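Q: Pasting a structure here, questions to come.
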Amino acid sequence: METENDPIPQREQQRRWKWIYFNVCTNLLITPPYEVFADLRFFVFNKTENKYYTIQYVDSKLFNTIRTVWGLAQVLPLDTFNDPNNGYIFGGDQCEFGVDVIVSTPPTNWEIHSLHEELSQPKFSWTVKNFSALKENVKESCNFSMGGRKWVLKLYPKGNVASVEGKWLSLYLHLAQCEKLRESEKIFVQAQLRILDPRGSNHFTNNVIASWHNSSNLGWGFQKFMSLAEPPKAYLDKDTLNVEIEFEVVSEAEYSSSMI
């Protein structure tokens, strides 16, 4: 039996399968407890056999204000269900569906992940003017949105620690100051940082960022992103440096207090 995470099945599935979903009322989740774990068992009555056809999730499902619906997109083929000879339709045009809901004890250790699968505009570009004349230790981009969060790029024109000072350009991706993560939240990002070639396509890249951002570590990047001997040679255009980041994955996780 195939489980389906989408609240509403795709139209093609609706035409071919009978589906069942259970939706909890959000009014029940606006006061403590704000989330509920429940065991679900769906059933369809078969009049011919005088018994219920049942489908049960193996594990408990978490309901909260973000996820209020769980169910099955493929319960019975629609042709099978609609044929009165099979017993699911009886008494002219009657059928019987139901669900047993048993509120269960939350697991001691749990972690919930959500993935932003489609990033419609995965790139952010930043123009740093008068690069050679920068006096500040760190230069910040404006805030930008990606994967439902606000981010900022931080560039250290002469390096961010003593060991690389004056030798390397450091570059980091940070959550913006307006983003306040709870201790139980973390965000995974996979992204590519680049210094763009103003005269062609020979862009400078480093290793891919693939890291978790949490309340104690809001930024990741590279101390030794680019040697300071590089920008004057090929990557400055009238003393302007063009920086780009391209996101590949943004996902979020919420985990139990026992795992903090």
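The values are calculated or read from the model by the stated rules, or taken from the named source; none is laboratory data. Here the structure is a predicted model, which means the values were calculated and not measured. Reconstructed Cβ throughout: ideal geometry from the backbone, glycine too, with neighbour counts over all protein chains shown. Accessible surface is based on the protein model in full, side chains and every heavy atom, while ligands, DNA and RNA are left aside. Shrake-Rupley method; radii C 1.70, N 1.55, O 1.52, S 1.80 Å.
Q: Sorting check: for 136-142, 213-219, which peptide has the highest mean count of neighbouring beta carbons within 10 Å, and how do the rest follow?
A: Details: 136-142: 13.7, 213-219: 15.4.
Highest-to-lowest ranking by the protection proxy: 213-219, 136-142.
Q: Using the structure shown, select from Lys139/Lys238; Lys167/Lys224; Lys158/Lys224; Lys158/Lys180; Lys139/Lys180; Lys186/Lys224 the pairs with a Cα to Cα distance greater than 20 angstrom. Show your work: numbers first, answer last.
A: Details: Lys139/Lys238 18 Å; Lys167/Lys224 9 Å; Lys158/Lys224 10 Å; Lys158/Lys180 29 Å; Lys139/Lys180 22 Å; Lys186/Lys224 25 Å.
Flagged as over cut-off: Lys158/Lys180; Lys139/Lys180; Lys186/Lys224.
Q: Please report the projected area of region 28-147's Cα convex hull averaged over all directions, in nm². Intermediate values should be presented prior to the final figure.
A: On the way: hull surface 58.1 nm².
Taking a quarter of the hull surface, the average projection is 14.5 nm².
Q: What residues qualify as long-range amide H neighbours of Ala176, i.e. H under 5 Å apart, gap of 5 or more or another chain, H built at 1.01 Å from N?
A: Amide H neighbours of Ala176: Lys150, Trp151, Val152.
Q: Would you calculate the separation in nanometres between label points at Asn137 and Asp59, each defined as 7 Å from the Cα along the Cα-to-beta-carbon direction?
A: 4.5
Q: From largest accessible area down, sort Thr68, Thr105, Thr80, Thr127; use a 1.4 Å probe on the protein chains.
A: On the way: Thr68 25, Thr105 120, Thr80 50, Thr127 75 Å².
Of Thr68, Thr105, Thr80, Thr127, the descending order of accessible area is Thr105, Thr127, Thr80, Thr68.
Q: Here's a follow-up. Which trypsin sites (Lys or Arg not before Pro) in region 168-260 sit in a loop by DSSP (not H, G, I, E or B) and have at most 16 other Cβ atoms within 10 Å of their own Cβ?
A: Working: sites: Lys180, Arg182, Lys186, Arg194, Arg199, Lys224, Lys233, Lys238; in loops: Lys180, Arg182, Arg199, Lys238.
Hits after loop and neighbour filter: Lys180, Arg182, Arg199, Lys238.
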